[in-house]
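Undergrad: I'd like to ask you about the structure that follows.
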Amino acid sequence: MGGRWIERWEPEDETFWRERGERIARRNLIFSVFSEHIGFSIWSLWSVMVLFMGPQYGVDPAGKFFLIATATFVGALIRIPYTFAVARFGGRNWTVFSALMLLLPTGFAYAVMEPGTSYGTLLLVAALTGVGGGNFASSMTNINAFFPLRKKGWALGLNAGGGNIGVPVVQLVGLLVIGVAGAAHPRIVLGVYIPLIVVAAVCAALFMDNLAPVRNDAGAAKEAVQAGHTWIMAFLYIGTFGSFIGYSFAFGLVLQTQFGRTPLQAASLTFIGPLLGSLIRPIGGSLADRHGGARITLWTFAAMAVSTGVVVYASAVESLTVFLVGFIGLFVLSGLGNGSTYKMIPAIFLSQGHRRGLTGEAAEAYGRRLSGAAMGLIGAVGALGGLGINLAFRQSFQTAGTGTAAFVAFLVFYAACMVVTWAVYLRRPAAVPDTAETAAAASDAAEPQPGYAEV
């Protein structure tokens, strides 16, 4: 595939960044956000479609939760190949292709979204929306390569936050359609997005660039898989992004099922949490730039545990107001944590480069290689957290008619995330050896090592 290629890219060189790099990086960031935004809207499409599915569709709440869980699952798995596609085909080229791929689930949904369609068909179309989840991985990998380390928290947070806003935006579109045309017209939502997908692809083709220095590196992928920090950060990202996407997909259905809200009433509330969580994600990255991602992440998980406790209490006393306060708090905090955890990834692998005895550009190049490869794996595993949340809700409602048991499980998980964050990245000494480290580095690990408090 052809396209515009930039042969020299040195964002850590301050002169290069000031004279040329920043302008190009910002332009690519803007159109990356736009494409990823549409991708998130399509990925979360079925969180809206289920609100249109009245009794005439013949699908019970457990079946609806499984529809959105299927979209989550496919979106998580497809992130892995999407991550490596950037280096294989170029960031610009892949953004064009991945945007056009969104026409597939949107067009099929337009064709089948009506009463009488079999559940198997609906399940297949829901699975196709997973391609929208892959856009996040390729977009984050691409933007990670454009920006210097000192700007990554802000840039990755803005890129992801702008993409995440696609969730509340599609939910607002659904609210508008239900409020104006009624719950019998889901195709209007789909008709809005088909031309937007084309616009996103055209903009990527006209205004984005490919970076020639970014090449697929099988060695980096292998090292990332073997690195202990990849899987530790994936675990933490389950707690932040997994919570955000899982709650985003399930919020409206929980309101309908547990509190008896109508489709219009649920839609009028569903978008608020994802919107606030998306808007605050860049702030989480910026705070991590200034105070250290590990510190911000630890306090975020603590606050998420408290908010979950509020939700459990609200479920027990059947207070919708208190439930909304706690649940929206979870959205805000998960968005904050999304920004801080993603900031940690490049900083951790830069630190690993220093632990190997590398300095200067060599350490920075090592950090870029490993963090770029690790991001796709971390993003994929984190998104599977959303699947876990959807399945937990499905089981909880199926067995008890309420989501309380699921929330108790989430509270325990957030406590575990707090312990891991403190033990690995804030406790001193705090060195988790990577299985990919050389023998020399392993022997050096016997010496006292600094913690990761500043990552």
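Undergrad: By accessible area of protein heavy atoms, probe 1.4 Å, what ranking do Arg281, Arg295 get, highest first?
TA: Arg295, Arg281
Undergrad: Let me ask another. Taking all protein chains as present, what is the carbon and sulfur share of the accessible area of the chain, in % to the nearest whole number, probe 1.4 Å?
TA: 67
Undergrad: Treat each spin label as a single point 7 Å out from the Cα along the C-beta direction, and report the Ala181 to Thr321 distance in nm.
TA: 3.6
Undergrad: Still on this structure, please answer the following. How big, on average over all directions, is the shadow cast by the Cα convex hull of the stretch 14-97, in nm²? Don't jump to the answer; show the numbers that get you there.
TA: Numbers: hull surface 29.9 nm².
Over all viewing directions, the stretch 14-97 projects a mean Cα-hull area of 7.5 nm².
Undergrad: How much solvent-accessible surface does Ile328 expose, in Å² to the nearest 10, with a 1.4 Å probe and all protein chains in place?
TA: Here the accessible area works out near 40 Å².
Undergrad: With every protein chain present, what accessible area does Ile280 have (1.4 Å probe, heavy atoms only), rounded to the nearest 10 Å²?
TA: Result for Ile280: roughly 40 Å² accessible.
Undergrad: If the cut-off is 19 Å between C-alpha atoms, which lysines fall inside it for Lys152, apart from same-chain ones fewer than 8 positions away?
TA: Lys343
Undergrad: Now a separate question. For the stretch 348-383 and the stretch 105-169, what is the separation of their C-alpha centers, rounded to whole Å?
TA: Taking the Cα centre of the stretch 105-169 as reference, the centre of the stretch 348-383 is 25 Å away.
Undergrad: May I ask you to order 405-412, 205-212, 52-59 by the average number of other C-beta atoms within 10 Å around their residues, highest value first? Walk me through the numbers on the way to the answer.
TA: Details: 405-412: 19.6, 205-212: 18.1, 52-59: 15.5.
The peptides rank, most packed first, as 405-412, 205-212, 52-59.
Undergrad: Same structure again: 7 Å from Cα along Cα→Cβ at both His291 and Thr121: what's the point-to-point distance in nm?
TA: The modelled label-to-label distance comes out at 5.3 nm.
Undergrad: Still on this model: What is the magnitude of the charge dipole of the chain about its Cα centre, with +1 placed on the Cβ of each Lys and Arg, -1 on the Cβ of each Asp and Glu, and no other charges, expressed in debye to the nearest 20?
TA: Numbers: 29 positive and 22 negative charges, 70 e Å.
Roughly 340 debye, rounded to the nearest 20.
Undergrad: Below 8 Å, C-alpha to C-alpha, sequence gap of six or more: please give me the relative contact order for the chain in percent. All intermediate terms of the calculation are to be shown ahead of the outcome.
TA: Values: 875 pairs, mean separation 107.5, N = 455.
Relative contact order for the chain comes out at 24 percent.
Undergrad: Okay, moving on. Along Cα→Cβ, 7 Å out, is where each label goes; now give me the distance between the ones at Arg150 and Val412 in nm to one decimal.
TA: Label-label distance for Arg150 and Val412, simple model: 4.6 nm.
Undergrad: Can you work out the accessible area per residue across the chain, with the rest of the protein chains kept in place, probe 1.4 Å, in square angstrom?
TA: 36
Undergrad: I've got another one for you. So what's the stretch 174-244 giving for Rg/Rh, alpha carbon basis, Kirkwood Rh from the mean inverse pair distance?
TA: The Rg/Rh ratio comes out at 1.22.
Undergrad: Taking every pair of distinct Cα atoms and averaging 1/r, then inverting, what Kirkwood hydrodynamic radius in Å comes out for the chain?
TA: Result for the chain stands at 22.0 Å.
Undergrad: Next up: Quick check: net charge around Pro346, other residues with Cβ under 9 Å of its Cβ, Lys/Arg +1 and Asp/Glu -1?
TA: Local charge sum for Pro346: +3.
The values are calculated or read from the model by the stated rules, or taken from the named source; none is laboratory data. Since we're looking at a predicted model, the values are computed, not measured. Heads up, the Cβs are rebuilt from the backbone with ideal geometry, glycines too, and the neighbour counts pull from every protein chain shown. All accessible areas refer to the heavy atoms of the entire protein, side chains included, with ligands and DNA or RNA removed. Shrake-Rupley method; radii C 1.70, N 1.55, O 1.52, S 1.80 Å.
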